[in-house]
Amino acid sequence: MKKIALGVCSSISIYKACEIVRLFQSEGLGVRVIMTEKATCFINPYLFTSLTGERTVVKLFDDQQRPIEHISLADEIELLLIAPATANIIGKLASGVADDFLSTFYLAVRCPVLVAPAMNESMYLHPQTQENIRKLKTLGVEFVEPDTGYLACGKQGPGRLASPESIVHHGLRLIKSREPFRNKVFLVTAGPTREFLDPVRFISNPSSGKMGYELAREAWQLGAEVILVSGPTSLEVPAGVYLEKVQTAEEMRAAVEKHYTRADVVLMAAAVADFRFKKALSDKVPKSEIAGRLDIEATPDILEELGRQKRRQLLVGFAAETSQLETKALEKMKRKKVDLMVGNDVSRSGVGFGSDDNEVTLSWPDGRFRRIPRASKRKISQEIMAEIEVLLNERKRNS
Ligand code: CTP
């Protein structure tokens, strides 16, 4: 099991460190917590010991520790994350002071270091703190910027510890980033489109966007630059991902076209509405007149257009079916010149549209199939990225 070290300092936001531990554990990582002595005034180390199943380290010299614990632990970890990080620890790291376990440990590790500051806004914006952060960045330390909002001191401004989700998301990129994904541009579409009749009525579908957002998150963690073109959803955009919001198929087509030439991989996970009204009206239509106004036409097939213009891009399509999944997915793959097709049966309950889970069949132009049994959309997106990595490596070998 891969392992990270979480350094925890004395900030009011210390309670969020528990959630950070949990989120890393849910990604299959072990966590060893290191607390500063002052942090133990806020939380007893035993809380983290219980959460992690490993003794929390506080003191540099302690009878219960392995000899030279800071050196042996440094060899075991993939990431040192300090969250929350106070102005004091940032100052110590920047100047090389090693007077407790955490600051000494920082000098001993060779893995990536990520720091999530949390403090009062005047302290955070103080030129000394900013200078320390700049210096650490030049030394290769990465930072998760604090959020702006209400602070424990009653003031408002930058200094709130970033959300645990966003801290863990950054941390996972440092651990998981892989060569085939680095310096690659991933263009991902997600969610439904809305084709309006008038300002209050539209044609759409039940897509929640979850599959596309998970793919965007995963691609970013693996090291890619990610552009997410999203129809209306209620989902939070993963940090680091560039978002283009759209409503209609025509807007999605324009946004995708704008980024297509730069893209190395396109994942067309959006459920584009197949029809639109020939005339979208700016005034609300009285319901008595609607029946006479339902004149519809097909929307452009974005993926088919991308297939026709394809140069070096790797195209991943999604086929939503209710019957004959494999045959229909194969036909769409050929027609749209797709390199990898992800087919799913949207008639099954608990998977597909709107669900947290999915169950898919991957197919390739050479006739190969692979069924991925029911799993979370996060897990499915990891499996899809593993297959994309194979295709990217194949291309590299053949180029
Ligand atoms: N797609 C697209 N533009 C459309 C419709 C679909 O780019 N106007 C893309 C989807 O994003 C998906 C793939 O084409 O990656 C297949 O979508 P799907 O809805 O399964 O198939 P359709 O081509 O719309 O065919 P049908 O509705 O007849 O099954």
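The values are calculated or read from the model by the stated rules, or taken from the named source; none is laboratory data. Just so it is clear, the structure is predicted and the values come from calculations on it, not from any experiment. Positions of Cβ are generated from backbone atoms using ideal geometry, with glycine treated the same way; all protein chains shown enter the neighbour counts.
What to note about this one:
- Within segment 286-337, being within 12 Å of the ligand (Cβ to nearest atom) and touching a residue at least 40 places away in the same chain (Cβ under 8 Å) holds for THR299, PRO300, ILE302, GLU305, LEU306, LEU315, VAL316, GLY317, PHE318, ALA320.
- The combined condition, being surrounded by 11 or more Cβ atoms within 10 Å (Cβ to Cβ), assigned by TED's automatic domain parsing to the domain that holds PRO192 and away from the ligand (no atom under 13 Å from the Cβ), is fulfilled by LEU281.
- Taken over segment 63-113, the residue count meeting the criterion of being assigned to a loop (DSSP other than H, G, I, E, B) and either of a type in the set (Ser, Thr, Tyr) or in contact with a strand residue (DSSP E or B) (Cβ under 8 Å, 6 or more places away or on another chain) (or both) is 7.
- Only one of the listed residues (ALA152, ALA219) is in contact (Cβ under 8 Å) with a residue 60 or more places away in the chain and surrounded by fewer than 16 Cβ atoms within 10 Å (Cβ to Cβ). That residue is ALA152.
- Taking segment 255-278 as the range and being surrounded by fewer than 20 Cβ atoms within 10 Å (Cβ to Cβ), touching a residue at least 24 places away in the same chain (Cβ under 8 Å) and basic (Lys, Arg) as the test, only ARG262 passes.
- Screening the candidates ALA94, ALA83, ALA116, ALA87 for the property of being of a type in the set (A, V, I, L, M, F, W, C), under 16 Å from ILE20 (Cα atoms) and free of Cβ contacts under 8 Å to residues at least 60 places away in the same chain yields one hit, ALA116.
- Residue in segment 245-254 that is within 16 Å of the chain's Cα centre (by Cα), surrounded by fewer than 23 Cβ atoms within 10 Å (Cβ to Cβ) and either more than 13 Å from the ligand (Cβ to nearest atom) or assigned to a helix (DSSP H, G or I) (or both) present: no
- Scanning segment 352-378 for residues that are crowded, with 20+ Cβ neighbours inside 10 Å and among the hydrophobic types (A, V, I, L, M, F, W, C) gives a single hit, VAL360.
- Test: residue in segment 381-395 that is among the basic types (Lys, Arg), part of a strand (DSSP E or B), modelled with pLDDT under 95 and farther than 15 Å from ALA269 by Cα: no
- Number of the exception - ALA329 against (1) modelled with pLDDT under 95; (2) under 24 Å from PHE181 (Cβ atoms); (3) small (Gly, Ala, Ser): (2)
- Residue within segment 172-186 that is under 30 Å from ASN120 (Cα atoms), crowded, with 19+ Cβ neighbours inside 10 Å, of a type in the set (A, V, I, L, M) and free of Cβ contacts under 8 Å to residues at least 40 places away in the same chain present: no
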